[in-house]
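The values are calculated or read from the model by the stated rules, or taken from the named source; none is laboratory data. Please read these numbers as outputs of a predicted model, since none were measured by experiment. Heads up, the Cβs are rebuilt from the backbone with ideal geometry, glycines too, and the neighbour counts pull from every protein chain shown.
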Amino acid sequence: RKEVEQDPGPFNVPEGATVAFNCTYSNSASQSFFWYRQDCRKEPKLLMSVYSSGNEDGRFTAQLNRASQYISLLIRDSKLSDSATYLCVVTIPGGSYIPTFGRGTSLIVHP
Amino acid sequence: NAGVTQTPKFQVLKTGQSMTLQCAQDMNHNSMYWYRQDPGMGLRLIYYSASEGTTDKGEVPNGYNVSRLNKREFSLRLESAAPSQTSVYFCASSGQGSANEKLFFGSGTQLSVL
């Protein structure tokens with residue numbers, strides 16, 4: 001079983017829609033959680049960290065459920081520019097903390 | 001403000017050839033990583049270095065070697081390239097390698113092995 005699982009999508013939504021992505025992780029000792037955004041053929045860039053109490057950054061809201069071992073990302077009022085792949089990242093303890101990526105969820109926002 | 005510099009951007013190899021991907025960061029980071037990304041896949045860790053002088057295997061280390069030359073530089077070597085190593089390679093770094101630090105990425109290397 002992969003350590004970090006995501007629905008690959010694609011999610012195809014109209015502008016202005018609200019869309020939510022989920023990500024599950026298998027290691028209950030996982031320490032930290034992030035969402036990265038990746039545009040086609042470019043390097044991933046941090047979108048937001050995910051905190052236990054949930055956190056919001058403009059139109060983006062991230063939630064963490066440690067008991068069920070999943071994190072979520074909610075995007076409100078989708079823009080064309082939100083079209084990208086969203087990567088769930090979980091930091092897994094080992095000798096060091098290893099950032100481990102899910103496969104990514106593709107979002108396409110259309111006019 | 002260069003951040004993470006990765007070279008080359010593109011490379012085509014024949015099966016059996018060798019090459020080294022170079023990565024350097026100017027942020028005084030301790031931890032550095034090499035990932036590969038295949039179509040429809042997330043990033044898979046090849047090797048990482050938690051600090052200067054140490055390296056460890058990640059999820060997919062077979063066919064690769066690494067060198068942490070100094071604190072700034074972390075290179076990835078393919079000794080005998082195979083078509084299965086056709087991929088996009090990303091180098092990344094983070095400050096102390098602690099749990100809640102963000103990763104800074106290079107712009108990637110598109111490698112094709114024929």
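With respect to being within 14 Å of another protein chain (Cβ to nearest Cβ) and modelled with pLDDT under 95, B:Gln96 fits the description.
Are there any strands (runs of 3 or more DSSP E) wholly within region B:1-105 with 2 or more residues that are more than 20 Å from A:Ile92 (Cβ to Cβ) and touching a residue at least 40 places away in the same chain (Cβ under 8 Å), and if so which? If you could, list the steps in order and put the result at the bottom.
Numbers: elements: B:4-7, B:10-13, B:19-25, B:31-37, B:43-49, B:64-68, B:74-78, B:87-94.
Per the criteria, B:4-7, B:10-13, B:19-25, B:74-78, B:87-94.
Per the conditions (1) over 16 Å from A:Glu3 (Cβ atoms); (2) within 14 Å of chain B (Cβ to nearest Cβ); (3) free of Cβ contacts under 8 Å to residues at least 12 places away in the same chain, the sole criterion not satisfied by A:Ser53 is (2). Out of A:Ile92, A:Ile98, one residue alone is assigned to a strand (DSSP E or B), over 25 Å from B:Ser107 (Cβ atoms), within 14 Å of chain B (Cβ to nearest Cβ) and more than 15 Å from the chain's Cα centre (by Cα). It is A:Ile92. Scan region B:30-58 for residues that are surrounded by fewer than 17 Cβ atoms within 10 Å (Cβ to Cβ) and either more than 20 Å from B:Lys102 (Cα to Cα) or of a type in the set (Val, Ile, Thr) (or both) and the total you get is 7. The conditions of being within 21 Å of B:Ser84 (Cβ to Cβ), touching a helix residue (DSSP H, G or I) at 6+ places or on another chain (Cβ under 9 Å) and polar (S, T, N, Q) are met by B:Thr15.
For region A:14-25, a tally of residues being closer than 27 Å to A:Lys2 by Cβ and surrounded by 14 or more Cβ atoms within 10 Å (Cβ to Cβ) returns 6.
Of the strands (runs of 3 or more DSSP E) lying entirely inside region A:1-52, those containing at least 2 residues that are β-branched (Val, Ile, Thr) span A:19-25.
A single entry from A:Leu80, A:Leu74, A:Leu47, A:Leu87 fulfils the requirement of being over 27 Å from B:Tyr89 (Cβ atoms) and within 11 Å of the chain's Cα centre (by Cα): A:Leu74.
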